[in-house]
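Here's the structure we're looking at; comments come further down.
The values are calculated or read from the model by the stated rules, or taken from the named source; none is laboratory data. Since we're looking at a predicted model, the values are computed, not measured. We place every Cβ from the backbone using ideal geometry, glycine too, and count neighbours over all the protein chains shown.
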Amino acid sequence: MADASVNQTTIIFDNNNYKFKTVGSILIFDGYLKVYGDYESSEDKILPEIGDKEVAITNNVDCSQHFTKPPARYTEAKLIKTLEELGIGRPSTYATIIDTIKSRGYVELVEKKFKPTEIGIETTDKLQDYFSDLINTDYTKNMEDELDSIAEGGIVWNKVLQDFYDIFEPRVEKAFTDMEKKAPVKTGEMCPECGNPLVIRKGKYGEFVACSNYPDCKYIKKEEKADVVICNCPNCDGKIIEKNSRRGKTFYGCNNYPKCKTAYWDKPIDKKCPECGKMLVEKNGKIKCSECDYKE
């Protein structure tokens, strides 16, 4: 996409060799902001017309202290624009890149801006300690160029792969040997199977509590979830609660199972059908009978 164009004006005031500067800008062409404008913050600051060596007089001077601010966090649009400028990735890969850093928990979106998470910062620090010559924008751009050259028949793919492996393999060996592993956090509980401390571990689907004696002990603590009560069971003194099948599909069954096998795929509403007396259920915003053809 084309860059946005801004008409920028700078005025410098000289007062006894003290310089005062103000900057104004007006957006004259939207460019990529036409699509990503909601993710970028910009305001026009219009300055008055003033001539060279013209004297400006003011009776009010407001003093305020300013500190150097860190660079602004990346929005999705700004990150894609930066990747384009650096020559990293292709338009077809930008969505995958952004999805990867979000799905792996390296970043989170805060006010439409990427904020690095604790695991994202730790991962970056470790990778820079052991792979700084491979994980950087210059190396990635050069690799993109080499892949293009392979596709065009300019260089042989196995030579590029061998050159990469000769650098990468010893780095991996050194990382496995020297990289300090972060000790898991103890929960203060003991494993009910072997008596060793339980610790918090991180897996593909987030944190979980398991035995510190893994792999000798494979105990994983199951998180107890409070039952979501829907209504009274029509066939016993139990409650109809929300459950999940083995395949993860939600259904509604009696908490006295297996003594009571009352269950519904659609959510019951604790009302009886006026025609057959069975439970009414809700499906797609409509009320119907769980047994007969009655509908409200």
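Table: residues versus (1) more than 28 Å from GLU207 (Cα to Cα); (2) in a helix (DSSP H, G or I); (3) under 23 Å from the mean Cα position of the chain (by Cα).
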| site | (1), (2), (3) |
| --- | --- |
| THR96 | no, yes, yes |
| LYS102 | no, yes, yes |
| ASP125 | no, yes, yes |
| ILE155 | yes, no, no |
| LEU161 | yes, yes, no |
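Out of the residues in the stretch 24-75 that are hydroxyl-bearing (Ser, Thr, Tyr), farther than 30 Å from PRO116 by Cα and not in a strand (DSSP E or B), which is modelled with the highest pLDDT? Among them, the one singled out is SER64. Checked against (1) at pLDDT 90 or above; (2) more than 30 Å from THR82 (Cβ to Cβ); (3) among the hydroxyl-bearing types (Ser, Thr, Tyr), TYR165 passes all but a single condition, namely (2).
Checking each residue in the stretch 131-148 for being surrounded by 14 or more Cβ atoms within 10 Å (Cβ to Cβ) and either among the polar types (S, T, N, Q) or farther than 25 Å from THR82 by Cα (or both) picks out only THR140. Scan the stretch 113-126 for residues that are farther than 16 Å from ARG73 by Cβ and surrounded by 15 or more Cβ atoms within 10 Å (Cβ to Cβ) and the total you get is 1. Here is a check on your reading of the model: is GLU118 in contact (Cβ under 8 Å) with a residue 60 or more places away in the chain, of a type in the set (D, E, K, R), closer than 30 Å to CYS211 by Cα and not assigned by TED's automatic domain parsing to the domain that holds CYS211? The answer is no for GLU118. Kindly indicate whether LEU83 is touching a residue at least 12 places away in the same chain (Cβ under 8 Å) and either surrounded by fewer than 16 Cβ atoms within 10 Å (Cβ to Cβ) or in a helix (DSSP H, G or I) (or both). Yes. Filtering the stretch 243-296 to residues that are loosely packed, with under 13 Cβ neighbours inside 10 Å, charged (D, E, K, R) and assigned to a loop (DSSP other than H, G, I, E, B) leaves ARG246, ARG247, LYS249, LYS259, LYS261, GLU275, ASP293, GLU296. Counting just the residues of the stretch 149-173 that are β-branched (Val, Ile, Thr) and within 18 Å of ILE135 (Cβ to Cβ), which one comes out surrounded by the most Cβ atoms within 10 Å (Cβ to Cβ)? The qualifying residue surrounded by the most Cβ atoms within 10 Å (Cβ to Cβ) is VAL160.
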